[in-house]
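The structure appears below as structure tokens.
A short reminder: the numbers here are calculations on the coordinates, not readings from a lab. This is a predicted model, so every value here is computed, not measured. Every residue, glycine among them, receives a Cβ derived from its backbone with ideal geometry; neighbour counts consider all protein chains shown.
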There are 4 protein chains.
Amino acid sequence: MKYAYLGPAGTFTEAALLQVPGAGDCERIAASSVNSALEMVRLGQADAAMVPIENSVEGGVSATLDAIAAGESLQIVAEVLVPISFVLAVREGITSLEQIREISTHGHAWAQCRHWAETNIPAASFTPASSTASGALGLLDPETHHDAAICSPLVAKEKNLKVLVREVEDHAGAVTRFILVTRPGAIPAPSGVDKSTLILPLSEDRPGALMEFLEQFTARAVNLSRIESRPTGAGLGHYFFSVDVEGHIAEERVSAALAGLHRLCPELRFLGSYPAAQGTRPFIDTHNSDSAFVESRAWVQSLKSRL
Amino acid sequence: MKYAYLGPAGTFTEAALLQVPGAGDCERIAASSVNSALEMVRLGQADAAMVPIENSVEGGVSATLDAIAAGESLQIVAEVLVPISFVLAVREGITSLEQIREISTHGHAWAQCRHWAETNIPAASFTPASSTASGALGLLDPETHHDAAICSPLVAKEKNLKVLVREVEDHAGAVTRFILVTRPGAIPAPSGVDKSTLILPLSEDRPGALMEFLEQFTARAVNLSRIESRPTGAGLGHYFFSVDVEGHIAEERVSAALAGLHRLCPELRFLGSYPAAQGTRPFIDTHNSDSAFVESRAWVQSLKSRL
Amino acid sequence: MKYAYLGPAGTFTEAALLQVPGAGDCERIAASSVNSALEMVRLGQADAAMVPIENSVEGGVSATLDAIAAGESLQIVAEVLVPISFVLAVREGITSLEQIREISTHGHAWAQCRHWAETNIPAASFTPASSTASGALGLLDPETHHDAAICSPLVAKEKNLKVLVREVEDHAGAVTRFILVTRPGAIPAPSGVDKSTLILPLSEDRPGALMEFLEQFTARAVNLSRIESRPTGAGLGHYFFSVDVEGHIAEERVSAALAGLHRLCPELRFLGSYPAAQGTRPFIDTHNSDSAFVESRAWVQSLKSRL
Amino acid sequence: MKYAYLGPAGTFTEAALLQVPGAGDCERIAASSVNSALEMVRLGQADAAMVPIENSVEGGVSATLDAIAAGESLQIVAEVLVPISFVLAVREGITSLEQIREISTHGHAWAQCRHWAETNIPAASFTPASSTASGALGLLDPETHHDAAICSPLVAKEKNLKVLVREVEDHAGAVTRFILVTRPGAIPAPSGVDKSTLILPLSEDRPGALMEFLEQFTARAVNLSRIESRPTGAGLGHYFFSVDVEGHIAEERVSAALAGLHRLCPELRFLGSYPAAQGTRPFIDTHNSDSAFVESRAWVQSLKSRL
């Protein structure tokens, strides 16, 4: 197995990849962007790619949501949750917050620590970095100007950087969700607590179109655990929805909802069913059990045999 | 073929039966009640029974609605519409409305002519008859007391009764719908303009149960052409619904709605799909066409092949 | 107070009227039909009328449902439940079931005892009577032919008739619901367990029209305790619905549902809010409490004050 | 009037602000972030702030969506659309794409031109800038390393930068929507083509909660023109929705939907009604017209007067 991931090495994404059983012993390729990690999979240069999809503070990762929604089909086979905590690393010689004039980090990390920074180092200006790791490494480079960086504890430790403050994130308990993506192939068997991911283009611009989609779920008691709207790029007011539902396509109620959605919107994309990283086995009432579906189909077939 | 029908001979029900191609040359058995006509079919004493199910003025015929909703299963294979118009027949010697002291007819006929009678013969008392035909025949019987009867033009003509007024019905244009009932067997092929009849017990006494049923229809754009509530006999507040929908079980949208209903209510009864006596081919949008259903099923199957 | 009721004296309807506090001491007028009882109220000849509206076995009483749905407006101010049980009274000289050749009763009573009669006196022919009381009184009349009658225990006792069998009804526990009707006026104050009655013409013949009505109730968690379809008289497929809902117009959720229905169907009729004869105080979630309505209105008003 | 806007000067946001009648002659304060622009308004340091809220390619502007959803209440009084087109500006001495080794721009601009860059300057590395204007100005600074910048045509022209390629955006026709925000106060009068913006916290984590919200709109035929999900910061799976609807709170159907939503979710925020920058007067059927609401309210009131 060969794995791509959103690099550089030492970021939270590599930490997520290392949670995949066996991945620590496999070849791991740091990609420069989500897009290029997924392209490696599409082109067969990697067997799977680990990319972030959702942060509990910042929301969906647009690059990932968009990249898997379009282009050649891909499949999600696993998800991994990684708790997110940041440290404030500083350049050699800095000993107090008051000395910091310029700080650098990735925009998403900045968004998660903005309030802390505005409160504690209000005089510091912000310089965006292409990743938290690159911002941190800049502290070792005499040609860069920033004297502080917000980064993962891991990078700070590995590069032996000086840490002035730990846990500078505004919301304790932040978590990022990562997904492991392959080319379409075998769907992982149901684990009992599963998730399915769909892309739903809103093909018609009319009142109630979103509600008609949702009715396909509620009519089978299929619960949504995530819904994100994204622009299609075709102009303001044109969206697709990226949706996670509780349940596995091997379950009748999920496959019935999928069939219903396909009738409303044949451009629908199914991105996979896979074990949920957290959650409990959903309660399914008798009207939506597998056997209720099987029996109702058998009943209709027995009637149709009289045609 | 042997036909039973709600007798006696000469009523509107026999007129309905005579519209069935070939029925004029077959054995026709006048039954004393809807129940006994249907029992003849259940017991194999008749191949089919013609019974009234709905009148455009008086509403559903309770005896028929109840008799086909319970007991051994039956099937509706055809429907027939008969325009209903009544005449006022009188006993020999009566020449004006003022002379009428007592009038007899069947309760349903009385209900359809009540306003006319209260206006035109306010002094006459009403004596119920077990059928319009028997009320009319009573005019020839010296032992009965009534001197007028409301009946079908046919009986008046066949028995040579004196007709004082024609078209005494309160609502011109009344129509009664009759159904031809057999034991369950081959379902008539779709004609393009078809109807399906269902019995839906409201198995749960909670808000929204009826709405959940209706949603199964609207979710597939299946139109209801009739809905009647009837008590189940288990106490006030316990109903079943007798429902006609536009379309044939051979159509995907109808069979999908049936499967959905069966999940909600496995006690559901399917009473048949058959050509509608009137109406136009329903408009079916692309999301509910047969091919949309077939394609969505094929799409889900192709995904499930990856399991 | 002067009361009209569906006569003759001694029927279940008079029994219902006698349950109204004080009615036993008032003038009671037996009307020959539901229509004439209601007309007495409309014309001011009576202050109120007691009429049957629903039987737990036979279903809605069409004459009443239709009479209060059209014509000059009326109002329901109370409902009364009367348990229904029938006796088989016979003519002097009859001592066993085998001797009975002809039996008479009202069609509705016959419908409720038909199965018993077909099983126990299969050879007897049925002659309809205009009321259970008149059929019973016929047993004392040498000019009538029937030798048995199905009637109320009350009439049998009052007229000293010979009772051969008691409780000949097919379903034990049958109940008839009666309503007390006045001209529109003061609405009875809420009792905590109330009912409201509506007439909903289905003004548009299209899929989903009934569902749109029901949504107005479910959107406010207003439960339906009865729904009956009736033909409007304008032809097959044209219905109005007679509906009872749990709750009183003084409650916000009920009046909000009424306002919503009026938007969909301005021809809607409100027939009154009155104490329910049975049932429990409905559970109302916080989103549908009176205070939720009042607060939401106040909130919107505060926003609109900025216009 | 004193206006704040997301700076620095010369970006698309200032262009949006200059479209506001009279703003060109007023004091304009460039804020370093969306948050600080809005804080100036909250603190009374500015009368209004112009900030971006949605890009037709990149989707919602998270910083703005989050900043107006929480904290002290604000109000949207206008929206402005600005077409977005980018140029590739280069450092003195660069004459061909092949020479470019490092390119800088703001992350959002980069997202909109990424495909062009990956295709046309695949060897160039990307350095994020804190704004398109600052990236462009870096080309004049000998201490920065990048030799190309993606920026607005305006900045390139004003600063006399060398433009190598115009319209480097991946999707022609991109538009950014900006909103003008004030403290809560007078709501702009209806223009006929209006919009209202709401924040809907999903207070309950259960299937159908989103659908119940949407039903409040569809029940009054209020169309949604935008819906965005955002994390609340309370953990994965907790969202609020930022929603734009067609129509003005002065319209009955809009205020009725607001009242209905407030019952379901009293934490709802109303962010204003204001003229839409584009669009047509919505079609309103008779059941949802102002007069239908007024009449239904009057009807219910007339009934309640009988209490």
Completion exercise
GNM on chain B, Cα springs under 10 Å; top mean-square fluctuation among B:C26, B:C265, B:C113 goes to B:C26
Exercise for the section: Name the residue, out of B:L81, B:L140, B:L236, whose mean-square fluctuation peaks in a Gaussian network model built on chain B with Cα pairs under 10 Å. Expected result: B:L236
Exercise for the section: Report the label-to-label distance for D:V294 and B:V165 in nanometres (one decimal), using points 7 Å from each Cα along the Cα→Cβ vector. Expected result: 4.8 nm
Completion exercise
Taking Lys and Arg as +1 and Asp and Glu as -1, residues besides B:G233 with C-beta under 14 Å from its C-beta add up to -3
Practice task
Determine the shielding of peptide C:260-267 by partner chains: average, over its residues, the number of Cβ atoms on other chains within 10 angstrom of each Cβ.
Solution key: 6
Exercise for the section: Lys and Arg at +1, Asp and Glu at -1: add these up for the other residues within a Cβ distance under 13 Å of B:R281 and post the number. Expected result: -2
Handout entry: Under-5 Å amide H pairs with B:G247, H placed in peptide plane, nonlocal only
Key = B:D194, B:K195, B:S196
Exercise for the section: Set the Förster radius R0 to 45 Å, insert the Cβ-Cβ distance between B:S96 and C:A70 as r into 1/(1 + (r/R0)^6), and round the FRET efficiency to 0.05. Expected result: 0.90
Problem - Whole-number percent relative contact order across the stretch C:180-256, with pairs defined as alpha carbons under 8 Å at least 6 apart - result: 39 percent
Exercise for the section: Fewest Cβ neighbours within 10 Å first, please rank C:W110, C:W299 accordingly. Expected result: C:W299, C:W110
Practice task
Considering Cα pairs under 8 angstrom that are at least six residues apart, work out the relative contact order of chain C and quote it in whole percent.
Solution key: 20 percent
Exercise for the section: Quick one: which residues, 5+ away or cross-chain, put their amide H under 5 Å from the amide H of B:I53? H built at 1.01 Å from N. Expected result: B:R177, B:F178, B:I179
Fill in the blank from the handout: Label model pair B:K2, D:D141: point-to-point distance (7 angstrom along the Cα→beta-carbon line) in nm is 10.4 nm
Problem - Backbone HN-Hα couplings from phi across the stretch B:292-301 [Karplus 6.51/-1.76/1.60, Hz, Gly and Pro as x] - result: 4, 5, 5, 5, 5, 5, 5, 5, 5, 4
Fill in the blank from the handout: For the axis mapping D onto A, the chain D residue whose beta carbon sits nearest, plus its rounded distance in angstrom, comes out as D:P128, 2
Problem - the stretch C:153-256 - charge dipole about Cα centre, Lys and Arg +1 at Cβ, Asp and Glu -1, debye rounded to 20 - result: 540 debye
Practice task
Sort C:R226, B:R281 so that the residue with the fewest other Cβ atoms within 10 Å of its own Cβ comes first and the one with the most comes last.
Solution key: B:R281, C:R226
Problem - Whole-Å semi-axes of the ellipsoid equivalent to the stretch B:102-148 (Cα gyration tensor, √5λ, descending) - result: 18, 13, 7
Practice task
Over all alpha-carbon pairs in the protein assembly as shown, figure out the percentage whose distance exceeds 58 Å.
Solution key: 32 percent
Practice task
Calculate how steeply helix A:252-264 sits against the longest principal axis of the alpha-carbon atoms of chain A, using the helix alpha-carbon long axis, and give the answer as 0 to 90 degrees to the nearest 10.
Solution key: 90 degrees
Fill in the blank from the handout: Simple SL model, points at 7 angstrom along Cα→Cβ for B:E267 and C:D25; separation in nm is 4.7 nm
Exercise for the section: Find the percent of Cα-Cα distances in the stretch B:87-166 that exceed 18 Å, and round it to a whole number. Expected result: 28 percent
Fill in the blank from the handout: Any GluC sites (Glu not before Pro) in the stretch B:1-76 that lie in a DSSP loop and have at most 12 other Cβ atoms within 10 Å would be B:E72
Handout entry: FRET efficiency, 1/(1 + (r/R0)^6) with R0 35 Å, evaluated for C:H238 and C:K157 via beta carbons
Key = 0.15
Problem - Other protein chain Cβ atoms within 10 Å, averaged over every residue that makes up A:231-241 - result: 6
Problem - Inverse of mean 1/r across different Cα pairs in the stretch D:189-291, Kirkwood, Å - result: 14.1 Å
Exercise for the section: First check a/c for the stretch B:1-85, with a ≥ b ≥ c the square roots of the eigenvalues of its C-alpha gyration tensor; if it is under 1.5, answer rounded, and if not, answer prolate when a/b is larger than b/c or oblate otherwise. Expected result: oblate
Problem - Label zone at D:T286 (point 7 Å along Cα-to-Cβ), backbone N below 20 Å, the stretch C:224-251 - result: C:232, C:234, C:238-241
Handout entry: Mean shadow area of chain B over all directions, Cα convex hull, nm²
Key = 19.6 nm²
Completion exercise
By the mean-Cβ-within-10 Å protection proxy, highest first, B:60-67, B:142-149 rank as B:60-67, B:142-149
Problem - Efficiency of FRET between A:A189 and B:Q301 - r from beta-carbon atoms, R0 30 angstrom, step 0.05 - result: 0.95
Exercise for the section: Taking H placed 1.01 Å from N in the peptide plane, check which residues at least 5 places from B:I29 or on another chain put their amide H under 5 Å from its amide H. Expected result: B:Y3, B:A4, B:Y5
Completion exercise
Sparse-neighbourhood loop hits (GluC sites (Glu not before Pro), the stretch A:157-216; DSSP loop; Cβ within 10 Å at most 13 others) -> A:E167, A:E204
Handout entry: Net dipole in debye of the protein assembly as shown [+1 Lys, Arg Cβ; -1 Asp, Glu Cβ; about Cα centre; nearest 20]
Key = 0 debye
Exercise for the section: May I ask you to evaluate 6.51 cos²θ - 1.76 cosθ + 1.60, the Karplus curve with θ = phi - 60°, for each residue of the stretch B:29-39 and list the ³J(HN,Hα) values in order in whole Hz, giving x for glycine and proline? Expected result: 10, 7, 9, 7, 7, 4, 4, 6, 4, 6, 5
Completion exercise
Relative contact order as a percentage, the stretch C:64-200, C-alpha pairs under 8 Å and 6+ apart, gives 42 percent
Problem - Area projected by the alpha carbon convex hull of the stretch A:147-233, averaged over all directions, nm² - result: 11.5 nm²
Completion exercise
Among beta bridges assigned by DSSP with both residues in chain A, the antiparallel ones amount in percent, to the nearest 5, to 75 percent
Handout entry: Per-residue HN-Hα couplings for the stretch B:233-244 [Karplus 6.51, -1.76, 1.60; θ = phi - 60°; Hz; x = Gly/Pro]
Key = x, 8, x, 4, x, 10, 10, 10, 10, 9, 10, 10
